[in-house]
1. Test B:Lys183 against the criterion of being surrounded by 14 or more Cβ atoms within 10 Å (Cβ to Cβ), among the charged types (D, E, K, R) and either more than 18 Å from B:Gln73 (Cβ to Cβ) or touching a Phe, Trp or Tyr at 6+ places or on another chain (Cβ under 9 Å) (or both), and give yes or no.
2. Which residue is farthest from the chain's Cα centre (by Cα), if the candidates are limited to the range B:187-201 and must be among the aliphatic types (A, V, I, L, M) and within 20 Å of B:Arg177 (Cβ to Cβ)?
3. Quick check on my filter: what residues within the range A:35-64 are over 30 Å from B:Ala55 (Cβ atoms), at pLDDT below 95 and either within 13 Å of chain B (Cβ to nearest Cβ) or assigned to a helix (DSSP H, G or I) (or both)?
4. Take the range A:65-96 and flag every residue that is surrounded by fewer than 18 Cβ atoms within 10 Å (Cβ to Cβ), part of a loop (DSSP other than H, G, I, E, B) and modelled with pLDDT of 85 or more.
5. Out of the residues in the range B:139-153 that are buried (at least 16 other Cβ atoms within 10 Å of the Cβ) and either at pLDDT below 75 or more than 20 Å from B:Leu227 (Cβ to Cβ) (or both), which is farthest from the other protein chains (Cβ to nearest Cβ)?
6. Spot the failing condition for A:Thr120; the list is (1) buried (at least 19 other Cβ atoms within 10 Å of the Cβ); (2) of a type in the set (Val, Ile, Thr); (3) not in a loop (DSSP other than H, G, I, E, B), and only one is missed.
7. Taking only pairs six or more apart or across chains, which ones have beta-carbon atoms under 9 Å, a first residue in the range A:113-127 that is in contact (Cβ under 8 Å) with a residue 60 or more places away in the chain and of a type outside the set (Gly, Ala, Ser), and a second residue that is in a helix (DSSP H, G or I) and crowded, with 16+ Cβ neighbours inside 10 Å?
8. Please go through the range B:66-81 and give me each residue that is out of contact with any strand residue (DSSP E or B) (no Cβ under 9 Å at 6 or more places or on another chain) and either open to solvent by less than 10 Å² (accessible area, probe 1.4 Å) or basic (Lys, Arg) (or both), ordered by number.
Amino acid sequence: MTQLGDSHRRFLQTMMGVRIIDELEAKKLYQHCCETYKMHWTADGLDPFIETINLKLQPMFMQVKKGMSEENGHQYYALVNTTETDITRMSSDYADNELELFRKTMDLIVGSERGTASSTDILNSTDTMTSKRMKKSETEHLLTRLVQDKWLCEKRGEYTLSTRCIIEMEPYIRTMYPDQVKMCHICHNVAFQCQICENPTCGIKIHNPCVARYFKGRMEPQCPACNDFWPHEIPEFRGLPSQSKK
Amino acid sequence: MAQRKRLSQHNNTQTASQLKRRSSSSLTQDEDEEATFTQPSTSQVQRGLEKLSQAQVDQKTAEVVQYFLMKDQKKVPVRRAELVKYMVKDYRTIYPEIIKRAARTFEQVFGLKLVEIDPKQHMYILVNNLETPARAGPVECPTNPKTGLLFVVLSVIFMKGGIVKENLIWHTLKKLRVDPGQKHEEFGDVKKVVTDEFVRQKYLEYLRIPHTEPVEYEIRWGPRADLEVSKAKILEFIGQLHEQDPRSWTQQYREAHGTQTPGQASRSSSQR
């Protein structure tokens, strides 16, 4: 079993600061850390390197987990806590009523068709809060903080769960919403921003980037489960430069 | 059996929210805890360890590590009283062992050093134990804009011999268009940041000058600054500012390069 060196520690310290990085950044960071502390590195060495870190992190109930972004399909690495099966990992940074509103936002997103919640709907949900009421300005300020802290993403007034949120909270989401949560038919992970087969007896879901990859180049896209015509617009496949070699 | 059950309830989900509420409001309660807690002897610790399973000790160590990391993100020091509060009964006896294991974990896994900055109040902070890389990496932790403000304040104090009247700080900041009297776009209440936030984080000390009427205060470096900030780097920065060789300030140069502990020259708070 490999021991930890300063290169592992520097990598981990960076992860603690930024919480999430994409695959390309991770590779560069791995290289930089190894070069700084004079450790040998290889082109395929990132995952074993992270494995070594994870073995030492496990007793601390922390892990560096890999996951896909629903926005661009790229792989990301996130530093997560593995103890909580609740969102209380956020309790050191947010008040109880703020956490309640975050839960409500998550309810809206999970229950939605496109994996989004509008700022209007989120503001309206403050009416049914059981903890201390939040004013409109407070709600808006909270949403800004949640985006800053990388729990939510915002685009044109619509909020989605960030990649970091999905990677870290997947176990919580599966537990809390066992019937509602959508699963991607292609990659088998939880899916929010996805397309759904319109065949009422089928109804499988596929992540937008998974759709792009699966149906790339196909003239007549067919549902992989029921073979019905796939009616949705196929998004353009955005692979990373390193992926084009495959 | 009942005791065991109570202990197992103290999982992170409860602890995190309990601690969060605690640390903001019940300072006097903590002081009571502190007063009644006596450091157990080595033999007491040994006996305490025999009563608990390896898994239980590991779990408690993990909780302490997580708590420290969480507090450290905000640069707030951790007092022994806070830790003692969530180590009940059997765990209290092995408190020194838990701290020892946590310290070892910080060093071996995270490259951080657990330092007791106040032996009387038993206050701890985490300091970076790694050598700062010569070049910046591809991914840098986003620097807090207040770091710049702190750096200026520390520089003024250092150049003036280590302690200054607060008015000098406000005067200097005003010249840099950071007016403590007005709400600043980036820093907000500047006076509060300097005399409260930086003091709580142990970067500065805000001391009342005795026998002054009206009350006057002076400011000096705090223990975290002593550990984290390189005086050599400050002098280098001042040198660049005035376009002079750092050596032209002989007294400060001697202090910056003479009395530091090995490795301190390469450590700087902004690198984390």
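1. Numbers: surrounded by 14 or more Cβ atoms within 10 Å (Cβ to Cβ): no; among the charged types (D, E, K, R): yes; either more than 18 Å from B:Gln73 (Cβ to Cβ) or touching a Phe, Trp or Tyr at 6+ places or on another chain (Cβ under 9 Å) (or both): yes.
No; evaluated as a whole, the condition is false for this residue.
2. It comes out as B:Val190.
3. Listed by number, the residues that qualify are A:Glu35, A:Thr36, A:Tyr37, A:Lys38, A:Met39.
4. A:Glu71, A:Asn72, A:His74, A:Thr82, A:Asp93, A:Ala95
5. B:Val139
6. Condition (1) is where A:Thr120 drops out.
7. Qualifying pairs under 9 Å: A:Thr116/A:Leu108; A:Thr116/A:Ile109.
8. Once the filter is applied, which keeps residues that are out of contact with any strand residue (DSSP E or B) (no Cβ under 9 Å at 6 or more places or on another chain) and either open to solvent by less than 10 Å² (accessible area, probe 1.4 Å) or basic (Lys, Arg) (or both), the range B:66-81 yields B:Lys74, B:Ala81.
The values are calculated or read from the model by the stated rules, or taken from the named source; none is laboratory data. Keep in mind that what you see is a predicted model, and the values were worked out from it rather than measured. Note: ideal-geometry Cβ built from the backbone for every residue, glycine included; neighbour counts use all protein chains shown. For accessibility, only protein heavy atoms count, side chains too; no ligands or nucleic acids. Shrake-Rupley method; radii C 1.70, N 1.55, O 1.52, S 1.80 Å.
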